[in-house]
Amino acid sequence: MMLKYAFVSLAILLGTTASVYAADVTPPDWNGVTQGSVHRGGTLRLTSDGPGGTLDPQINYGTQYMQVFVNVYDPLLTFRQAEGVAGLQVVPDLAESMPSVSDDGLTWTLHLRHNIKFSDGSLVTVKDVLASFRRIYLAGSPTADSFYGGIVGAHDCLKDAMHCTLPGVQVDAKTNTIVFRLVHPDGEFLYKLAFPHAVILPAHTPVHDVGNGIIAGTGPYRITAYSPEHGMVLERNPFFHVWNPQAQTDGFVDKIEYHFGLSDEAQISAVEQGQYDWMFDTKPADRLGEIGGKYTSQVHIEPLNGLYYLALNVHEKPFSDLRVRQAVNLAVSRHAMAILFGGDAIAEPLCQMVPHGIAGADLGEVCSSSSDMKHAKELIHEAGVEGAEVTLIVPNRAVELGMGTYLRNILQQLGFKANLRPITAGLVDSYEQNTNNHVQAALAAWYADYPSASTFLDDLFGCDNYHPQTSVSPNITGFCDAHIQRLFEQAKSSLDLEKAAVLWKEAGQGIMKQLPGVPLIQIRMVDFVSKRLGNYYSTELNHMSFSHVWVQ
């Protein structure tokens, strides 16, 4: 109860100061002319407990580096750099304008801007666009099938990547025209063109995961140094100029240093002392009252289309038995999980696999926020799995360790020999996703790729998002149901948003009946920044914008 009320106090404090703080901040120059700004210059210092995986922007599927990549790379279209719901609007980026779409929804035409250069000085051409989309299949992007599998020729590319010609993407160098041809209408294709895996890279980029290698980009910053043990450095891209201020701004700071290695507790102290300006990791619940009371103007609670869930691998015993998955769903107290995360100012019990507020998400009361251990134990006894060995994977951070300890105790109460295995946060996603590790259960978080139920239901439980023996398999439960998959495809291809919402709701209900994932809580984001950081700016999809803040 102490944790809960500490954060309610924080929310009240923020409510009385946030509007004043915002009013005292000069907004960025939306014409991109920040050259003369008194706030221009300096080094933004970021910290996290570890690296975020591969530097390949078409393969990395983690929040940590995608937040960096939006400052380094550009798709043809992008989500507007704006706070609130305005940040969910798609705007032209490397494309001159929004696409023209044929009446049947199958042909999408765009025109590449002229005189855009990569950070290595080379000119961006339509050949780079074609090569970048082919590379999605060649390099094995995790969204190659689920997002871009509807492009004509994509099916052949997915079957035989090295002979991929991708006739569904046609370019004309004379007119800078790009034409996408789809096999069937896709009501979400606009969002997919704006997703970071669709960034445009130089045509000579290797057609494999570059790992720790650095690829030239088009954004206001470029990565100039990287060590997965220590951190990365970003500096201004000397060839960048603002072409659409709603897509990319010039940036205020000259340099961004991102250091790895501090625990979440140490990160809090380092930001308090001004050693760093921002921390990536979840704030430990035992420090929330402290930062809320002492550093109120430096703490921001932001809306976030994100959730925590318990992934149960349907291919690994004992969770291959539906009764066991039902038992876990009954045994968990979502109210307890919300308190462990930090209280009801930043977390609420969630009984569905899509956050509230997304069209087609709300299923009604399909589970309880409290525990029904009696019924859960009956199901375990019926399944005959008492005494089974179960290992729960969790990120090695204070908040997730606390949540994981509670979940392990629940599994033990159900009669399992349950163990907790913490893994470094920057590595846990790739470990959980690799079927070679035979993960039985995992505490996982997921955030919206764009404002659609598909980025939770299809991403996490779609057949085409299960990639055995790779570390880029978002469907870590291994769930694949033919009927639910058909609902996914029907919903994604529908141009009628109301009809799509009905289909997503039916799919969500089907997921909750089979429970490959047990929803736990819907969350909000807590950002803690240094005193010298000004113009705090956050969007719903990409979180704090590194190019909008300044340092004093």
### Message
Can you tell me which residue is surrounded by the most Cβ atoms within 10 Å (Cβ to Cβ) among those in segment 440-477 that are aromatic (Phe, Trp, Tyr) and part of a strand (DSSP E or B)?
### Response
446
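Can you give me the number of residues within segment 163-190 that are under 20 Å from residue 137 (Cα atoms) and outside any loop (DSSP other than H, G, I, E, B)?
Step one: filter segment 163-190 for residues under 20 Å from residue 137 (Cα atoms), giving 163-171, 178-184, 186, 188-190.
Now drop any that are not outside any loop (DSSP other than H, G, I, E, B), which leaves 163, 169-171, 178-182, 189-190.
Selection size over segment 163-190: 11.
Only residues that are assigned to a helix (DSSP H, G or I) and more than 12 Å from residue 510 (Cβ to Cβ): list them for segment 478-490, please.
Within segment 478-490, 489, 490 meet the criteria.
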### Query
Quick one: what pairs do we get from segment 253-276, first residue over 20 Å from residue 229 (Cβ atoms), second among the small types (Gly, Ala, Ser) and not in a loop (DSSP other than H, G, I, E, B), C-beta under 9 Å, 6+ apart or different chains?
265/398
### Summary
Restricted to segment 378-397 and to residues being surrounded by fewer than 20 Cβ atoms within 10 Å (Cβ to Cβ) and within 32 Å of the chain's Cα centre (by Cα), the residue modelled with the lowest pLDDT is 396
### Task
Identify, by number, the condition in (1) in contact with a Cys (Cβ under 8 Å, 6 or more places away or on another chain); (2) at pLDDT 95 or above that residue 164 doesn't meet.
(2)
### Query
Listed residues 145, 128, 120; which is touching a residue at least 12 places away in the same chain (Cβ under 8 Å) and outside any loop (DSSP other than H, G, I, E, B)?
128
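Does residue 126 satisfy the criteria of being among the aliphatic types (A, V, I, L, M) and more than 30 Å from residue 538 (Cα to Cα)?
yes
For segment 352-377, give me the residue count where each residue is of a type in the set (Gly, Ala, Ser) and at pLDDT 90 or above. Before the answer, list the steps.
Of the residues in segment 352-377, the ones of a type in the set (Gly, Ala, Ser) are 357, 359-361, 364, 368-371, 376.
Next, from what is left, pick out any that are at pLDDT 90 or above: 376.
Of the residues in segment 352-377, 1 are of a type in the set (Gly, Ala, Ser) and at pLDDT 90 or above.
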### Task
Among the candidates 332, 253, 314, single out the residue that is buried (at least 23 other Cβ atoms within 10 Å of the Cβ), at pLDDT 95 or above, not acidic (Asp, Glu) and not assigned by TED's automatic domain parsing to the domain that holds residue 38.
332
### Message
Condition (residue is without any contact (Cβ under 8 Å) to a residue 24 or more places away in the chain and either surrounded by 23 or more Cβ atoms within 10 Å (Cβ to Cβ) or aliphatic (A, V, I, L, M) (or both)) applied to segment 196-218: is it met by at least one residue?
### Response
no
### Message
Against the definition (touching a residue at least 60 places away in the same chain (Cβ under 8 Å), of a type outside the set (A, V, I, L, M) and more than 29 Å from residue 278 (Cβ to Cβ)), how does residue 62 come out, yes or no?
### Response
no
### Query
Given the conditions (1) in the same structural domain as residue 531 (by TED's automatic domain parsing); (2) crowded, with 24+ Cβ neighbours inside 10 Å; (3) within 22 Å of residue 409 (Cα to Cα), which single one is not true for residue 285?
(2)
### Query
Do the conditions hold for residue 300, that is, is it modelled with pLDDT under 90 and more than 30 Å from residue 384 (Cα to Cα)?
no
### Message
Tell me yes or no: at least one residue of segment 533-540 is within 19 Å of the chain's Cα centre (by Cα) and either part of a strand (DSSP E or B) or in the same structural domain as residue 82 (by TED's automatic domain parsing) (or both).
### Response
yes
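The values are calculated or read from the model by the stated rules, or taken from the named source; none is laboratory data. What you are looking at is a predicted structure, and each value in this text was computed from that prediction instead of being measured. Using ideal geometry, Cβ is built from the backbone for each residue, glycine included, and neighbour counts are taken over all protein chains shown.
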